[in-house]
Amino acid sequence: MGLDYSYEIFVPARNVARTLAALAELAPRTGRVPPLEVTLPGGVPLVVPFTSNFASEPVDCSAGGTLDLDTTIMFGVDDAVRAYVEGGGRAPGPGPGPGPGPDGLGRAGIGYIYLTVRFASAPHPRYAALEFTAATSRMSVMFERSASVRTVFTGLAAAGGGACCVLDTESDALQVCWLNGRTLRETVPGPRFPSLDDLAATWPDQDP
């Protein structure tokens, strides 16, 4: 069994379209797949430069549930990202691997990252959860080691008006990377947050 580390960000459910639009801005500018039409809960239309289950047919999530996307994201090149790309790391599936290297902004692609959007998260139904899962064990290790990767996901949480970003390394505790507009390093369970419910209790907009 390989490693399946993931970053998960929690945003108000009404902000999913805003968050996915910010995510689309992180996609490569060249070699894009055909646009994917997505209908979000409430009938909100959105077009993203990704695939869903490696296909580009329209996806209807108007009734809620989950949305699965195969994303490609550009990251700033730090030591961990450079080691991964130069080591030939790539995510399985059709399409390109990490690419030739940094673009004009000093960013590099790392291959596919699998995204599952849950429009009503387990910690709080008024919040959606966007879970970005590494496709390989080597990518999982890079997720944990790279400050650049962490910055991209905490930045995406901020851009989506989110409350929280956590890293799941398949251990006994989640790493809290960002909470209510501030970067931090805490764990769940831990002294400050004994459970995920205690963490979610700090998020704003709790009232129905």
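The values are calculated or read from the model by the stated rules, or taken from the named source; none is laboratory data. What you see is a predicted model, and the numbers here were worked out from it, not measured in a lab. All Cβ positions, glycine included, derive from the backbone under ideal geometry; neighbour counts span all protein chains shown. Just the protein is used for accessible areas: all its heavy atoms, side chains included, with ligands, DNA and RNA removed. Shrake-Rupley method; radii C 1.70, N 1.55, O 1.52, S 1.80 Å.
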Worksheet, complete the sentence: Applied in sequence order to the stretch 12-18, the curve 6.51 cos²θ - 1.76 cosθ + 1.60 (Karplus, θ = phi - 60°) yields integer Hz couplings, x standing for Gly and Pro, of x, 4, 5, 9, 4, 4, 4
Worksheet item: In the chain, what percent of the accessible surface is made up of carbon and sulfur (1.4 Å probe, ligands and nucleic acids excluded)?
Response: 54
Item to complete: Name all residues of the stretch 35-52 having a backbone nitrogen under 17 Å from the label point set 7 Å from the Cα of residue 62 along its Cα→Cβ direction, giving them as ranges.
Response: 37-47
Worksheet item: Ignoring ligands, DNA and RNA, what accessible area per residue does the chain give at 1.4 Å, in Å²?
Response: 46
Discussion item. Compute the distance from the alpha-carbon center of the stretch 161-200 to that of the stretch 136-156, in whole Å.
Written reply: 16
Practice prompt. If a/c stays under 1.5 just call it rounded; otherwise compare a/b with b/c (prolate if a/b is bigger, oblate if not). Do that for the chain, with a ≥ b ≥ c from the square roots of the Cα gyration tensor eigenvalues.
Written response: oblate
Response to the item:
For the stretch 125-208, shape from the Cα gyration tensor axes a ≥ b ≥ c, cut at a/c of 1.5 then a/b versus b/c, turns out prolate
Item to complete: Quick one: which residues, 5+ away or cross-chain, put their amide H under 5 Å from the amide H of residue 174? H built at 1.01 Å from N.
Response: 188
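Using the Cα centre as the reference, give the magnitude of the dipole from point charges on the C-beta atoms of the chain (Lys, Arg: +1; Asp, Glu: -1; all else neutral), rounded to the nearest 20 debye. Please list the in-between numbers first.
Numbers: 15 positive and 22 negative charges, 104 e Å.
Dipole of the chain, to the nearest 20 debye: 500 debye.
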